[in-house]
Amino acid sequence: MFVTQTLSIEFASVHQLEANGLTLRTVAISGLPNECIDGVMSAHEGSMARYVLDAAEPVIVRDLRTITQFEVPNFLRESQAASGISVVIHGAKGHWGILQAHCTRVRTFGEDDFHFLQSVANIIGAADQRRATEAENAKLAAFVSQNPNPVLEFSAEGELTYFNDATRSLMFTLVKANPAELLPNNSAEIVQDCLRSGMNVLDVQAAVSGRTISWSYFPIPAIQRVHVYAVDVTERVNLEAQLRQSQKMEAIGQLAAGVAHDFNNILTIMQGLVRKMEHTQDQPETLQQLFDTTERAAALTRQLLAFSRRQVIQSRVIDVRAVASGILQMLQRLIGEDIVLSVSNAHTLPSIEADPSMIEQILLNLAVNGRDAMPQGGQLIITTDHVSVPEGLTTDRTFVRIRVQDTGCGMTDAVRARIFEPFFTTKEVGKGTGLGLATVFGIVKQHSGIIEVESAVGCGTTFSILFPACDEQPEVTIVQPMTSTTMPAGGTETILLVEDEPLLRELAQAVLTGAGYRVLEAGESTEAFSVWNEHRDSIDLLLTDMVLPGGMNGRDLAAELQRTKPHLKVIYTTGYSPDILDAQLGTSNFLQKPYPPEVLARIVRACLDSV
């Protein structure tokens, strides 16, 4: 053996530590009987092997026959070994074993001797590490090649050096000629950045042939390579997008409905004050303007409720040409003098069934959108005509089309795909809310209509809105100016008024008291029960808001009171729209906010007189 010859000794042996850590198996010998191979040497406490394994440096023994620090193994005693050196062999997972060299004469081993023996031990340990590495590499290679997901390897320069069969299958599925067509456009830069920083880059998504592929980059600095793994996340991305859209629409609907409710309370107070001032105001024209303003605010509230999908459409048969022409003057003031506005109506046009205020809202929002796309001026063209069945629809109906076209900056495909998302806007902070086109979309869908968009950068934008045509003639509406309104006949009955808005409650109390009624007030359900328990027998009618604080709504309150007084008359009021109420409530006992005082008095009298 090389060790025995180099050191001029009789015996040398290699012992491998077994998994239990308490025994060593002899795997190589020189100068000792062959029977020692595959023999076992103890590594228990007190043994020579344990002493060597626990030592921080090579163990040199001048005379084994007189040693007392540990128990000498039998095979060394039987071989009459006297002096020796023992060193630890370090392998892939720590202590691999022990290398020993002994002779039968007493000898002093020098520094060169144990350095040599340690070098031999290092060679044995390196061989073990290499075998372990090769085995691990073989396992990793099998993992990569058989991985069901695409796996690629790149050099430090970003060049593809390997890809597995799953990558090839993905190429075939997506009809691509090489793996580079599957990767993000900046893949080479990502690879270089990974190696430079030593950091992983995760979930870089690329759209390929209608699919979404997620790529993750893992640098391996030791070999200057980057391993890249891919997963098809198309279904996950689609589901997440649908969830986000649903959540946004639900949140916005709740917001819009809540704002509309509070706004309607304010409008009801305003209208009541207008009527109250009517008999003392010396400027009727100012009163008319103030009342018209409240009507316009009420119309805006209806549009807000339409966006939240909580507004009942106040539809009637209309001619869209009349709506477009009627709003022309307002639109011109809105868009400014540097934009030329024109309306081109078809000579003949079918009617549609729609809420005219909502059609106005569509035109207003699209006009503002067009104005903002033409900061240097341009043209805004509104046309109306009728078309046959749009492509892709299976119906024999015709449609009335409203087109709003601008000569502005246009949109990219990416922007056009998102314009109807709530809160999405390309404008500067403070310049837009991102709700205008979302509102338009909601109104069109409520009217069972269709909305189409054509746009290109630098070529302007055209919105085409199609409403189902109807055969009926448009209704003619005569707008009556506000006049002094005579209050309806009152009465002497007792009314329990439940309203959480103090000023609105005060207004309703004043109107009803002025009409002769006795009014008992409450701000929420708990207070209402207290009043009810004291005056139950005398209360003839409950006038309650549908939305009340304290966890009980108006419908629940009415049901509880009618348990003890089944014939109690009930009128519900709300700033929300009637469609959130139970259909069985009917219309005779529902009062939509905002309401003028005379309407309140009339509905109260009608409800009390009903059978």
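The values are calculated or read from the model by the stated rules, or taken from the named source; none is laboratory data. Quantities reported herein were computed from a predicted structural model and do not represent experimental measurements. When we count neighbours, we look across all protein chains shown, and the Cβ atoms used for this are built from the backbone with ideal geometry, even at glycine.
Quick look at the numbers
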| quantity | calculated |
| --- | --- |
| Condition met for ALA82 (in contact (Cβ under 8 Å) with a residue 40 or more places away in the chain and not β-branched (Val, Ile, Thr)) | no |
| In segment 29-52, residue modelled with the lowest pLDDT [restricted to those that are aliphatic (A, V, I, L, M) and surrounded by fewer than 15 Cβ atoms within 10 Å (Cβ to Cβ)] | ILE37 |
| Which listed residue, of GLU111, GLU10, GLU57, is surrounded by 14 or more Cβ atoms within 10 Å (Cβ to Cβ), of a type in the set (Asp, Glu) and more than 60 Å from the chain's Cα centre (by Cα) | GLU10 |
| Among the candidates GLY336, GLY378, GLY370, residue that is loosely packed, with under 15 Cβ neighbours inside 10 Å and in contact (Cβ under 8 Å) with a residue 24 or more places away in the chain | GLY336 |
| Any pair with Cβ under 8 angstrom, 6 or more apart, that starts in segment 557-569 at a residue that is over 21 Å from VAL611 (Cβ atoms) and outside the structural domain of MET546 (by TED's automatic domain parsing) and ends at one that is surrounded by 14 or more Cβ atoms within 10 Å (Cβ to Cβ) and β-branched (Val, Ile, Thr) | none |
| Residue count, segment 498-536 (criterion: loosely packed, with under 15 Cβ neighbours inside 10 Å, closer than 20 Å to TYR595 by Cβ and in contact with a Lys or Arg (Cβ under 7 Å, 6 or more places away or on another chain)) | 0 |
| Selected residue (only one of LEU170, LEU117 is under 47 Å from the mean Cα position of the chain (by Cα), modelled with pLDDT of 85 or more, part of a helix (DSSP H, G or I) and surrounded by 14 or more Cβ atoms within 10 Å (Cβ to Cβ)) | LEU170 |
| Members of segment 90-108 that are surrounded by 15 or more Cβ atoms within 10 Å (Cβ to Cβ), more than 18 Å from HIS44 (Cα to Cα) and touching a residue at least 40 places away in the same chain (Cβ under 8 Å) | GLY91, ALA92, ALA101, HIS102, CYS103, ARG107 |
| Number of positions in segment 192-241 that are of a type in the set (Phe, Trp, Tyr) and either farther than 27 Å from LEU174 by Cα or out of contact with any helix residue (DSSP H, G or I) (no Cβ under 8 Å at 6 or more places or on another chain) (or both) | 1 |
| Matching entry among LEU504, LEU543 (being in the same structural domain as LEU568 (by TED's automatic domain parsing) and either modelled with pLDDT under 90 or among the basic types (Lys, Arg) (or both)) | LEU504 |
| Number of the condition not met by GLU524 [criteria: (1) farther than 14 Å from ILE603 by Cα; (2) of a type outside the set (Gly, Ala, Ser); (3) over 42 Å from the mean Cα position of the chain (by Cα)] | (3) |
| Entirely in segment 5-113, the strands (runs of 3 or more DSSP E) that have 3 or more residues that are touching a Leu at 6+ places or on another chain (Cβ under 6 Å) | 11-17, 83-91, 94-103 |
| Residues that are farther than 21 Å from GLY442 by Cα, hydrophobic (A, V, I, L, M, F, W, C) and at pLDDT 85 or above, drawn from segment 386-410 | VAL387, CYS409 |
| ALA43 vs. criteria touching a strand residue (DSSP E or B) at 6+ places or on another chain (Cβ under 9 Å) and within 22 Å of PHE2 (Cα to Cα) | no |
